[in-house]
Amino acid sequence: MTTNKRETPLIDQLEKGPWPSFVKELKKSADNPMTNDLLGVLERSYNDRIGHWKHGGLVGVMGYGGGVIGRYCDLPEEFPNVAHFHTMRINHPAGWFYTSDVLRKICDIWEKHGSGITNMHGSTGDIIFLGCVTDELEPTFSDLTEAGFDLGGSGSDMRTPSCCCGMARCEWACYDTMGFTYDITQHWQDELHRPAFPYKYKFKASGCPNDCVASIARADMSIIGTWRDDIQQDDAAVAEYVTSGAVDIVEDVVGRCPTQCMSWDGEKLTINNRDCVRCMHCINVMPKALAPGKDRGATILLGAKAPIIGGALLSSVLIPFYEMEPPYEDLKELVEEIWDFWGEHGKNRERVGEFIQRIGLGNFLEQIGLEPTPEMVVHPRTNPYIFFELDEDEDEEEED
Amino acid sequence: MSDEDLINEVANAMYEMVKEYHGKKNFKAMDLTKAMKQKYGEDKVNKALCKKAIRQLIDSGRCTYSYVGGSYITLPAGS
Ligand code: SF4
Ligand code: SF4
């Protein structure tokens, strides 16, 4: 059967220009009635200046509360092939490494059961299958599990953890991001598949402060690799950068250090490591000469979110340095304390960062059993009111 | 009472609660957990036990998850 291709003069504009176009890609599979109607809905939305999708409801696979996002078109008579167009989130392998064989398998499953349209990868990190009818959800899930895949998170659960390629491909990795991501994915299967939180909770793991997965802006808990000792420095390689003219060391390196903790006397680069904030700038500019120190681990930060309901938040330091040795017991205990407290007192759709803002960092730390440290302070207070509480023991000692 | 029996009993009590308020109020997993801790006492019913009861409720098909701005536990479609 041939499909009558929809007229799409408005979205055709998005094919112009030298950059990749999703409209161009969708048109390649417009023989599929679902894709053809999808292009039609999109054209209609551009025309009406309003989206024609509703989402949510009672769709999913047996036993799971996450992984499927119900999506329905509000013009089902006009676009019957996308009347249901559910999204499936497939848990990706850590670091997004696949064999070509497995990619073919995933595509075959999706062409058999759904629209065949994928998003590799969605902003959550998962492989996204776009466009499934309700009756095909279980058969898709069954074929996926047979191929060794599982669904990811959605709704008020732990979302599919994601990470940079870390030690698999990057010399800057200060811990094994992929190992950590795999470990917590297995450890918190229940939290991933059975939503039990006030709202979503995301983990993102970056191997160094370059933060290639943008965890500081996108994850409720950001795990960012860092080091405690001095930057490793190869003076001969520094000199080579300078003599070859590859780098203007004064302007490009020393002058751009955010804490001005470096100096160049014409022959030697000196770093005052005590004042280094591990921003990675100098290392990125002279990768052959400088490298993160040898005493490596991660900084654990909490509370970022993108602006869906309230405004955007960046995560703040919770643990300045954690050694990141498997099985990460202390970190897991701390996370469960956070989940318990936020779960008990958080409002519906309140991210953990918003919850901390509402109740105050001091109260939050007290409840999760963590001592405040100077690294948690974003900037010093500008007013003189300081509340200093003696603990009871000290109080008693003073009275004696 | 064995742990298994208590999990079943709590799952049944959760089910009754979801059924009674169906269409009137949505419950999150935490709402059911809090209600069960209150009903049975925290010395008898804790978060881990409630987690098992919810799993039983969902895996048996008596309840399902829905998404209405957040994830809730509700009766399956057509109930
Ligand atoms: S975050 Fe750091 S370790 Fe991870 S890929 Fe980027 S540069 Fe490499
Ligand atoms: S890592 Fe950043 S703060 Fe540290 S010395 Fe280099 S440029 Fe300066």
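Structure summary
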{"item": "Scope the range B:56-78; condition open to solvent by 30 Å² or more (accessible area, probe 1.4 Å), closer than 14 Å to A:Ser154 by Cβ and in a loop (DSSP other than H, G, I, E, B); matching residues", "result": "B:Val68"}
{"item": "Given (1) more than 7 Å from chain A (Cβ to nearest Cβ); (2) without any contact (Cβ under 8 Å) to a residue 24 or more places away in the chain; (3) more than 14 Å from B:Ala29 (Cβ to Cβ), number of the condition B:Gly69 does not satisfy", "result": "(1)"}
{"item": "Residue under evaluation B:Met36, criteria (1) touching a Cys at 6+ places or on another chain (Cβ under 7 Å); (2) closer than 22 Å to A:Lys200 by Cα; (3) without any contact (Cβ under 8 Å) to a residue 40 or more places away in the chain, criterion not met", "result": "(2)"}
{"item": "Qualifying residue in the range A:200-207 (condition: in a strand (DSSP E or B) and more than 12 Å from ligand 1 (Cβ to nearest atom))", "result": "yes"}
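The values are calculated or read from the model by the stated rules, or taken from the named source; none is laboratory data. Since the model is a prediction, treat every value here as computed from it, not as a measurement. Cβ coordinates were reconstructed from backbone atoms using ideal geometry, including for glycine residues, and neighbour counts include every protein chain displayed. These area figures cover heavy atoms from the full protein model, side chains too; ligands, DNA and RNA do not enter into them. Shrake-Rupley method; radii C 1.70, N 1.55, O 1.52, S 1.80 Å.
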